[in-house]
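Q: Can you keep this structure in mind? I'll have questions shortly.
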Amino acid sequence: MRKPLCTAAVATAAASLVLVPAAAASAASGGGTATVTVLHAVPGLTVDVYANGQELIPDFAPGTLTDPQQLPAGSYDLAVFQAGQPSTGTPAISADGVQVPAGANVTVVAHLDAQGQPTLTPFVNDTAAVPAGEARVTVRHVAAAPAVDVRAGGQPLVQDLSNPDEASAEVPAGTVSADVVATGTSDVVAGPTDLSLPAGTSTVVYAWGNPSAGGVQLALQRIEGLGGAPGGVAAGSGGFLDDGAAPTWLVATSAGALGVAVAAGIGAAALRSRRAAGDRAA
């Protein structure tokens, strides 16, 4: 049976899982590792990413999604500087004491909030098994835009999804035509695009950017091998999955974080949908 769309509480749970108190995370991690992917979704700003004072991703361009990396669980002080600026200055975006628990699969996104201000949002990726013949789709709104509706085949499936909420569903594998429109209108914000949903995979669709400055763009992240045991993540850069090389940013210690998301599609007209709730993690 197909599951209904989850609410934005998934995004809230993601933040609460990643941003747990330092002592609790340290005790729970047991020296393990976490899978971390980084998305840069702040338009027009090439950056250098630092974690715990160490440069991890130099010249990180907007729209770039890194390959997933295995990182030591623990606490990270994150700082994002405009490329070439001294790390002793004031970062464009920063977050101290970000906890990455052992065993978590996390995408950290540097993006614009609904008012257009840079921010960091961590999302926990669902790696649970997908029913046979189905695929999981998660749509994440992290663009500088008001609430949106996500449509499949021109019909709304997710309504009133706000930045930085997300919604998920399990749907029949296949290809669907998806787009994003301003809530309650037919004004297309992103798409349309044909979205391929292979069986046994989880596809995360990010809508990022600023409709008044360069527009909203789509980026994809795919988690494969979910027909049985969870598998690895294939990451794309910019729009959809490609073969662009990811930065070599894992240097035996820490990881950075960036991202943006706003959404595009899911299929199956029979799918029930629920309004994404406005709850946030503290």
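Q: If you count, for each residue, the other Cβ atoms within 10 Å and average over each peptide, how do 163-169, 81-87, 102-108, 136-142 line up from highest to lowest?
A: Most protected by this proxy first, the peptides run 136-142, 163-169, 102-108, 81-87.
Q: Taking a ≥ b ≥ c as the square roots of the eigenvalues of the Cα gyration tensor of the stretch 9-235, is the shape rounded (a/c under 1.5), prolate (a/b larger than b/c) or oblate?
A: Taking the square roots of the gyration eigenvalues as a ≥ b ≥ c, the stretch 9-235 is oblate.
Q: Using a simple charge model, +1 on the beta-carbon of Lys and Arg, -1 on the beta-carbon of Asp and Glu, nothing else, what dipole does the stretch 9-235 show about its Cα centre, in debye to the nearest 20?
A: 160
Q: Continuing with this model, one more query. When a/c is below 1.5 the answer is rounded, else prolate if a/b is larger than b/c, else oblate, so apply that to the stretch 103-233 with a ≥ b ≥ c taken from the square roots of the Cα gyration tensor eigenvalues.
A: It comes out oblate by the Cα gyration axes.
Q: Let me ask something else about it. Which of rounded, prolate, oblate describes the stretch 162-210, given a ≥ b ≥ c as roots of the alpha-carbon gyration tensor eigenvalues and a/c under 1.5 marking rounded, otherwise prolate only if a/b is larger than b/c?
A: Taking the square roots of the gyration eigenvalues as a ≥ b ≥ c, the stretch 162-210 is prolate.
Q: Less than 10 Å Cβ to Cβ from Val142, Lys/Arg counted +1 and Asp/Glu -1: what total charge do the surrounding residues give?
A: Computed value for this residue: -2.
Quick note: the coordinates plus some simple rules give every number you see, no bench work behind them. Please read these numbers as outputs of a predicted model, since none were measured by experiment. So basically every Cβ, Gly included, is an ideal-geometry build from the backbone, and we count neighbours across all protein chains shown.
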